[in-house]
1. So in the range 6-138, what percent of DSSP beta bridges are antiparallel if you round to the nearest 5?
2. Please give the Cα centre distance for the range 114-152 versus the range 80-105, rounded to the nearest Å.
3. Please work out the FRET efficiency for the pair HIS155 and ARG94, using the Cβ-Cβ distance as r and a Förster radius of 41 Å; give the result to the nearest 0.05.
4. Between the range 156-225 and the range 43-71, what's the alpha-carbon centroid distance in Å?
5. If packing is taken as the average count of other Cβ atoms within 10 Å, what order do 31-44, 193-206 fall into, highest mean first?
6. I'd like the per residue volume of the convex hull spanned by the Cα atoms of the chain, given in cubic angstrom.
7. Kirkwood-based Rg over Rh for the range 146-220 (C-alpha set), two decimals?
8. Got the relative contact order for the chain handy, in percent, Cα pairs under 8 Å and 6 or more residues apart?
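Values in this text are rule-based calculations from the coordinates and carry no lab data. All values derive from a computational prediction rather than experimental measurement. Here the Cβ positions follow ideal geometry from the backbone for every residue, glycine too, while neighbour counts run over all protein chains shown.
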Amino acid sequence: MTDSATGELRLSAGPDVTGVYEEKRSRFLAVMRRCDDEAAARDLIADLRRAHPDARHHCSAFLVDVPGSSRIERSNDDGEPSGTAGTPMLEVLRGSGLTGVGVVVVRWFGGTKLGAGGLARAYGAAVSAAIEQAWRDGRVVEVLRTPAWRADVDHALAGGLEGAVRAAGARVLGVEYGTRVALTVAGDIDVLGPILATRSSGGVDWQPAGVATTENAASRRDMES
């Protein structure tokens, strides 16, 4: 566990995000959804097959982070020439910085073959259009995971400690009153440690209490700086 917050970009919970690209009368509809696990990504693919049974192809790509394990990355060309659909879609997702996301591009054939290069550009462009729409709609969020800490202190110390923690920019997650006061906070232990040590004269230490997760609207300007 690290002592400082770590962040990642995701879609906020909500309706699917779409993007459309057309080339030589072929229509490419990208449908993107937040997927917190592989099952959710598989559900997205199944949903789009049911919703658009008349389409020739339902190509897909997804990125899912598994806690305590490596990222799962999958793509599928669904009948298009190998490497012309799922792979470029996955590359666009990787380049976007998003994770925990799945996308399906539904293609209706327009009667003119696009060639391998044209297909790759079209599938990638459809995914890019969906990502741009997500930014315009304010659907991209930064998920911050911050170490949480708990300290059991005397009632006489609790109020002052809570105020000092808030003043230092840490987040108070909970205060439980009993024979002692259990204060749970999220923040940098290098900042929190000295505060508690000073107020308790070194008699109390912070104990790990998991990880606190928050979601805030992401700014593309911040991501590019």
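1. Details: 27 of 28 bridges.
Antiparallel bridges make up about 95 percent of those DSSP assigns within the range 6-138.
2. If you average the Cα positions of each part, the centres end up 10 Å apart.
3. Working: r = 52 Å, r/R0 = 1.26.
Between HIS155 and ARG94 the formula returns 0.20.
4. 39 Å
5. On the way: 31-44: 18.7, 193-206: 14.6.
In descending order of packing, they fall as 31-44, 193-206.
6. On the way: hull volume 31.8 nm³, N = 225.
Once divided by residue count, the hull of the chain is 141 Å³.
7. Numbers: Rg = 12.7 Å, Rh = 12.6 Å.
The Rg/Rh ratio comes out at 1.01.
8. Values: 469 pairs, mean separation 54.9, N = 225.
Here the relative contact order equals 24 percent.
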